[in-house]
1. Test residue 107 against the criterion of being at pLDDT below 95 and among the small types (Gly, Ala, Ser), and give yes or no.
2. Restricting to the stretch 113-144, give me the number of residues that are open to solvent by less than 50 Å² (accessible area, probe 1.4 Å) and either of a type in the set (Ser, Thr, Tyr) or over 16 Å from residue 36 (Cα atoms) (or both).
3. Having 2 or more residues that are touching a residue at least 40 places away in the same chain (Cβ under 8 Å) and within 18 Å of residue 12 (Cβ to Cβ) is the bar; report the helices (runs of 4 or more DSSP H) wholly within the stretch 44-155 that clear it.
4. Given the conditions (1) touching a helix residue (DSSP H, G or I) at 6+ places or on another chain (Cβ under 7 Å); (2) open to solvent by 80 Å² or more (accessible area, probe 1.4 Å); (3) not aliphatic (A, V, I, L, M), and given that residue 109 satisfies all but one, which numbered condition is not satisfied?
5. Given the conditions (1) within 16 Å of the chain's Cα centre (by Cα); (2) modelled with pLDDT of 75 or more; (3) of a type outside the set (S, T, N, Q), report the number of the one that residue 57 does not fulfil.
6. I'm checking my understanding of the structure. Among residues of the stretch 75-98 that are more than 15 Å from residue 152 (Cα to Cα) and among the basic types (Lys, Arg), which one is modelled with the lowest pLDDT?
7. Which condition does residue 139 not pass, out of (1) touching a helix residue (DSSP H, G or I) at 6+ places or on another chain (Cβ under 7 Å); (2) over 25 Å from residue 42 (Cα atoms), if it passes all the others?
Amino acid sequence: MIQKDAFFNVVLLEPEIPQNTGNIGRTCVATNSVLHLIEPFGFEISDKTLKRAGLDYWQYLEWHTYANWKDFLKTVHQPERIFYFTTKAKKHYTDFKFQKNDCFVFGKETKGIDPEILKANPETQCKIPILGPARSLNLATSVSIALYEGIRQLG
């Protein structure tokens, strides 16, 4: 459920790597953001690598799970404030003016965000520029870039 007192909401669509999710959880704690996990997962939530990556911060994390994308959308009060981070976007993440409580959506590590979701939301797609030959950045790195850009914008 989207919380009004959260700084931002991080949404992971079908995360596959527990260490990434654990690191993202820790970053959410550091930024007063809520983590939303949409099934299926490539790991068990109780997986010790997930909790180890989040260290002892996992107890402070506000997080929610959803059976699917549609279930998550039912909890969103302002769907126009959902931003989709993808290498396929035309606009850079710095082209957007973020607001408190915005949702930042990231796809699974191996495939990104489902093409149907992207097709339905062309105006709020963001990309993080990649200058070298890498196809993409690590998921936890991308989430950190998005969160801290939002914090920078809000002062």
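1. no
2. Residues in the stretch 113-144 being open to solvent by less than 50 Å² (accessible area, probe 1.4 Å) and either of a type in the set (Ser, Thr, Tyr) or over 16 Å from residue 36 (Cα atoms) (or both): 10 in total.
3. Where helices (runs of 4 or more DSSP H) fall fully within the stretch 44-155 and carry at least 2 residues being touching a residue at least 40 places away in the same chain (Cβ under 8 Å) and within 18 Å of residue 12 (Cβ to Cβ), they are 69-73, 139-154.
4. (2)
5. It is condition (1) that residue 57 fails.
6. Here the answer is 88.
7. (2)
The values are calculated or read from the model by the stated rules, or taken from the named source; none is laboratory data. What you are looking at is a predicted structure, and each value in this text was computed from that prediction instead of being measured. Quick reminder, even Gly has a Cβ in these numbers, built from the backbone with ideal geometry, and neighbours come from all protein chains shown. Just the protein is used for accessible areas: all its heavy atoms, side chains included, with ligands, DNA and RNA removed. Shrake-Rupley method; radii C 1.70, N 1.55, O 1.52, S 1.80 Å.
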